Structures are given as structure tokens and as C-alpha cells.
Amino acid sequence: MTDRSRADWWRDAVTYQIYPRSFADGNGDGMGDLAGVIDRIPYLRDLGVDAVWLSPFYPSALADGGYDVADYRDVDPRIGTLEQFDEMLALLREAGIRVIVDIVPNHSSDQHEWFQEALAAGRGSAARDRYIFREGRGADGELPPNDWPSHFGPTCWTRVADGQWYLHLFAPEQPDFNWDHPEVRADFVRTLRFWGDRGVAGFRVDVAHALVKDLSEPYARLAGYSVEHLPLDGSHPLFDRDEVHDVYAEWRTVFNEYDPPLVAVAESWAPTERRPRYARADGLGQTFNFDLLVAPWKAKAFRTVIEHNLELAAASESSSTWVLSNHDVVRHATRYGLGDEVDLVAWLMSDGTEPVVDAARGLQRARAATMLMLALPGASYLYQGEELGLPEVADLPREALQDPIWLRSGGTEKGRDGCRVPLPWASDEPGFGFGAPVGHLPQPEWFGGFAVDRQLDDPDSTLALYRRLLALRRDLVAGDELTWLRSPAGALRFARAGGWESITNFSNRRCALPAGRVLTSSGPLDGDRLPPDTTAWIIAD
Ligand code: GLC
């Protein structure tokens with residue numbers, strides 16, 4: 001059994017992502033809040049997670065669901081107060097649950113006092129230099145400085161009243177900081193200490209690969225922004241530049257002022273070969289790996305992803321992370337129900353014809369995939385609601401959508417709201433127990449069928465499965481080793497230290513169950529056979 005109090009607890013932790021607005025509403029104003037988190041601490045304890053990651057809860061105009069931060073050292077009044085944050089932290093600590101918070105260093109909100117100051121101060125001012133202001137092209141500077149797109153729309157430049165343009169890799173309400181500015185660096189260090197001193201265990205670092213940029217002119221022509229377009233030598237002007245690690249080296253000295261040191265996990269869309277840099281012990285210490293999330297449901301594909309990421313983890317002397325769902329992607333219970341040929345990213349991004357989803361198959365595969373993930377060495381990140389087997393809400397009313405991807409594409413790209421609908425806690429209560437009224441992203445009628453209270457006493461429910469797995473994992477997991485075992489065709493089988501193993505049947509035929517005692521399985525077994533789309537954990541008799 002692993003010692004959960006050790007300083008490197010994060011190496012094999014299970015962390016549960018809370019998207020605060022949609023988790024639980026404690027004060028009945030329609031928006032999820034810290035009071036709601038406090039109410040649900042017994043739920044999180046019984047689920048058996050080691051830590052929670054709170055997506056942004058800071059003051060924000062919510063142009064990007066809170067990833068537009070107006071004040072890094074406060075709580076949005078609609079979500080709570082700093083006192084409530086402290087109370088939440090203390091109660092979670094009593095329940096044995098650590099807290100990591102999201103930090104968004106690439107950009108602030110346009111409501112941030114520094115940006116407001118920059119707008120007021122005018123061109124050439126010191127205040128403007130904390131962000132990235134440039135003159136436009138054309139006779140009157142009426143054209144943006146270059147043709148770079150933003151992630152959320154056609155251009156990453158927006159013009160202000162006096163004619164200058166500022167850079168935003170995301171929405172116009174999210175101006176990018178100038179990370180060459182010492183005040184920007186110093187202010188983030190202050191923010192790290194602010195939360196570290198309050199007792200958080202660490203940070204999830206948003207868009208960690210983008211902070212430092214080379215904006216020297218003439219501007220580089222870009223092949224694209226996605227990982228496959230990034231050079232391997234760090235020469236892209238916007239992403240994954242070597243200098244970004246100087247920032248994290250400084251942060252590491254701050255993290256190490258604490259005992260145990262604070263932890264951090266990078267959201268870094270860097271080329272795989274360069275990902276270990278973000279996970280080194282002299283930097284952030286851990287990085288997300290989204291490879292499992294995009295892998296097709298095939299034994300070979302999963303094995304390749306697992307082997308590769310264990311190698312990368314070893315190269316960085318960190319542990320690997322694993323993710324199947326988060327607030328930016330289609331929930332995995334739905335993803336696995338799409339035909340194999342459906343491009344999930346294209347589906348998320350299109351408002352066209354919805355593909356047919358085989359919900360039963362999706363859930364069955366999702367349960368098997370989660371179970372496989374939780375058997376792997378390393379740290380797993382769960383996203384709120386996946387423990388209920390929640391599907392994506394693909395048919396949200398168009399007028400309810402809030403994602404800047406939807407708004408800025410003029411309604412041609414649907415965006416990410418379908419995985420951010422408030423959770424169903426109680427099938428017969430208003431707002432399905434989330435709180436009433438639900439102020440954003442309406443819950444569909446069928447949500448009640450997935451409510452926590454429907455699942456708690458049902459041993460076959462997805463919630464019961466997650467609780468079983470997390471409890472077993474606490475007893476079983478020891479060390480980092482994984483040994484591949486001879487698998488039946490279309491299956492993946494590996495052993496972990498301590499004489500237990502995991503087997504997943506990816507094929508559409510039953511296969512033989514290995515000898516030993518079945519600890520649990522993601523679906524019903526068929527005598528001594530393992531049905532398709534099912535995982536079992538087995539221990540030697
Ligand atoms: C990250 C977040 C995403 C957000 C973006 C801009 O990718 O996960 O939700 O929109 O950063 O902050």
C-alpha cells in the first residue's frame with residue numbers, strides 16, 4: 001500500500017478536476033461555487049481521490065469560462081470568498097484530499113487592472129509594455145501587424161481606440177502578457193506564494209508552452225499552431241520556446257520553499273519529444289499527456305501510447321500522467337460511442353450533422369478504458385462527472401452556448417460547452433440537485449438518469465465502479481514498474497508489482513481470462529471469458 005503522505009505523493013495520485021461553475025451550487029444563485037464544493041467533500045472522500053484540481057475560480061468576466069482572470073489573488077464573488085477558500089482547503093485536508101489550483105500565466109482578462117491601465121496609458125507607455133502592443137500595417141495602421149490567427153478566431157490581434165493592436169492567442173478578452181517584462185514575472189511569483197502560503201499543494205499551468213515569444217520583425221510565417229506543426233528545435237515564435245523553461249526554473253525555486261515542495265502540472269502542447277522538458281524536477285515537475293485521450297480504441301494503439309509515455313516519463317525522471325476527459329474535450333463515454341471513423345476534434349468543432357452515438361458501447365468502452373488507465377504506473381486525472389459515466393450533452397440549445405469558440409466562429413464551431421453542463425446529484429430535485437435554478441448550460445431531461453443518488457447503491461453503476469477502483473488502487477499500487485504479459489489477440493495485459501495484473505479486451509470476441517482471482521471488472525464477465533470492451537484486474541491466488 002502506498003504512503004499517501006510522502007512528499008512525492010503526486011507521482012501516482014488520482015486527481016479530480018472540478019470545474020467550479022458546474023460542480024455544485026451551494027448558495028442557490030445558479031452558479032457552482034466553493035460552498036458547493038464544501039458540501040460535497042464527503043462525496044469526494046468516498047470517491048477516494050487524492051487531490052482535486054480547481055479550474056479557475058478567480059474574478060472573471062467569464063469570456064472563456066474563467067480562463068480570463070481579472071485578479072489572480074482573489075475569488076470571484078459569485079463563487080465565494082477567500083475565507084471560504086481557506087475553509088474548503090482545511091476541510092479537504094481533513095478528508096485527506098489535497099488541492100491544486102489552475103494558474104493562467106499566458107494571458108489575463110481584459111478586465112485585469114494592468115490591462116485597463118495599459119489601455120488608459122496609451123502607446124509607448126510602461127503600462128502597455130506588460131502586454132504585447134504593436135502598430136498595425138497599412139497606410140493608417142488599419143491592418144493587423146501580421147496574419148497570425150488566434151485559437152478562437154481569425155486573428156490574434158485586436159485594435160484599441162488609439163489605433164494600436166494587442167496580441168491575444170485566445171479571445172480578444174484574453175490579452176497575452178509580455179513575459180520579457182520583469183514585473184510580469186515578479187507578479188506571478190507573488191501569486192504562486194499567495195496560494196502556496198494559503199496551503200494549496202500546487203498548480204495546473206494553463207498553456208504552459210506559450211508564455212515566452214519571439215516577436216521580432218519580420219514576423220515568421222507559420223505553418224500552423226497544432227503540435228504537428230511545431231519544430232523540434234524550439235524555434236516557433238509562439239510555442240515551446242526554450243526560454244519558457246527559465247520561467248519554470250524560477251518557479252521551481254519558489255515551489256521548493258515549501259515542505260513538501262509545491263507541485264505543478266503543465267498543459268503543454270509541445271511536440272512529444274520535447275514534452276519531458278516540462279516535467280523535469282528543475283521545472284514544473286509533471287506534464288499532461290493527452291495521447292490516451294486521442295488514441296483509437298485498439299490494443300496496439302493503446303500499447304504504443306503507454307510504452308512511449310512511460311519512456312518519456314523515465315527521460316524526465318517524473319511519472320507519466322494519464323487523461324481521458326477534461327473540460328476541453330468531448331466526454332469519453334460519448335467519444336467511444338462514435339464510429340471509429342469519426343474525427344472527434346472535427347465533431348467538437350462542427351455544428352453540422354451530429355454523428356450517431358452508440359451510447360451503450362461508449363459507456364462500456366469508457367469504463368474499460370478508465371480501468372486500464374487506473375492500472376497504469378503514474379498519475380491519473382479525472383474530470384468531474386466521468387465517474388457517473390456522463391455523456392456529452394451534444395444537443396444544448398444554441399442560444400445557451402457560451403464557449404468563445406462558438407461565439408467567435410459565428411456559430412459554425414460548436415465548442416466545448418457539452419462537457420461543462422452542471423452535474424446531476426439527485427434525480428428528483430430541481431436542477432437535479434446541482435442547485436436551482438441552473439444559471440448556465442441547461443441540463444437535459446435525461447441527466448437525471450445519471451444522478452449520483454441513482455448510482456450510489458447500485459453495485460453495477462459507474463460511480464460504484466470508480467469507487468471500487470480507487471479503493472483497490474490505494475491498496476494495490478506500488479512502484480512504477482509495468483511488465484507486459486502475453487495477451488490474447490486484441491487484448492492488452494500487463495502486470496504490476498505485487499502480483500496483480502490488468503487485462504483489457506479491445507476486440508469484438510470474448511477472450512480467455514488469465515488464471516487468478518478477479519478483483520473487479522468494468523462489466524459482467526462470462527464465466528472464465530472476458531467479454532469485448534471489458535477490463536478485469538486479477539491477482540494471483
Ligand atoms: C487551456 C484551457 C482552456 C482555455 C485555454 C485558454 O487550453 O484548458 O479551457 O480555453 O487554455 O486559457
I need the phi-derived Karplus couplings for the stretch 482-494: 6.51 cos²θ - 1.76 cosθ + 1.60, θ = phi - 60°, integer Hz, Gly and Pro marked x.
9, 10, 5, 10, 4, 10, x, 3, x, 10, 10, 9, 8
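Taking the Cβ-Cβ separation of ARG221 and ALA139 as r and a Förster radius of 22 Å, what is the calculated FRET efficiency to the nearest 0.05?
0.40
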Quick note on ASP71, ASP233, ASP240, ordering by fewest other C-beta atoms within 10 Å, gives ASP233, ASP71, ASP240
Roughly how many nanometres apart are two label points built 7 Å out from the Cα toward the Cβ at ALA281 and ASP259?
1.8
Write down the percent of antiparallel bridges among all DSSP beta bridges whose residues are both part of the chain, to the nearest 5.
55
Between ASP528 and GLU94, what length comes free when the chain is fully extended (0.36 nm per residue of separation minus the Cα-Cα distance, one decimal in nm)?
152.0 nm
Give the calculated FRET efficiency between ARG73 and THR483 to the nearest 0.05, with a Förster radius of 51 Å applied to their Cβ-Cβ distance.
0.60
Proximal charge balance of PHE57 [Cβ under 9 Å; K/R count +1, D/E count -1]:
-2
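Semi-axes of the equivalent ellipsoid of the stretch 226-316: what are they in whole Å, largest first, if each equals the square root of 5 times a C-alpha gyration tensor eigenvalue? Write down the numbers at each step before the final one.
Numbers: eigenvalues 127, 63, 18 Å².
They are 25, 18, 9 Å, listed largest first.
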Pairs of Cα atoms under 8 Å, at least six residues apart: use those to get the relative contact order of the chain, whole percent.
13
Just in the stretch 255-326: which GluC sites (Glu not before Pro) are loop by DSSP and have at most 14 other Cβ atoms within 10 Å?
GLU257, GLU317
How high is the relative contact order of the stretch 1-140? Use alpha-carbon pairs under 8 Å, at least six apart in sequence, and give a whole percent.
20
Label ASP246 and ASP395 with points 7 Å out from Cα along Cα→Cβ: what is the distance between them in nm?
5.5
Write down, largest first, the equivalent ellipsoid semi-axes of the stretch 387-520 in whole Å, where each equals the square root of 5 times an eigenvalue of the alpha-carbon gyration tensor.
38, 20, 14
Normalised by the residues of the stretch 468-541, what does the relative contact order come to in percent, with Cα pairs under 8 Å and at least six apart?
27
Would you mind classifying the chain by shape? Square roots of the alpha carbon gyration tensor eigenvalues, ordered a ≥ b ≥ c; an a/c under 1.5 is rounded, otherwise it is prolate if a/b is larger than b/c and oblate if not.
prolate
First measure r as the distance between the Cβ atoms of ASP8 and SER235, then evaluate 1/(1 + (r/R0)^6) with R0 = 30 Å and state the FRET efficiency to the nearest 0.05.
0.30
Report the Cα centroid-to-centroid distance between the stretch 209-269 and the stretch 442-468 in angstrom, as an integer.
40
For ASN508 and GLU228, compute 0.36 nm times the residue count separating them, minus their Cα-Cα distance, and round to one decimal in nm.
97.6 nm
Sorted from fewest to most neighbouring beta carbons within 10 Å, what does the list ARG73, ARG367 look like?
ARG73, ARG367
Rounded, prolate or oblate (a/c below 1.5 giving rounded, otherwise prolate when a/b exceeds b/c) for the stretch 117-233 by Cα gyration tensor
oblate
Taking 0.36 nm per residue of separation between THR412 and ASP129 and subtracting their Cα-Cα distance, the length gained on full extension comes to 98.4 nm
In nm, to one decimal, how far is the modelled label at ASP39 from the one at ARG193, with both set 7 Å along Cα→Cβ?
3.8
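Can you sort ASP8, ASP76, ASP68 so the residue with the fewest Cβ neighbours within 10 Å comes first? Present the calculation step by step, with values, prior to reporting the outcome.
Details: ASP8 15, ASP76 23, ASP68 28.
In order of increasing Cβ crowding within 10 Å: ASP8, ASP76, ASP68.
No value in this document is a laboratory result; all are computed from the given coordinates. Treat the numbers as computed from the prediction; the structure is a model and nothing was measured. Here Cβ is always computed from backbone atoms with ideal geometry, including for glycine, and neighbour counts include all displayed protein chains.
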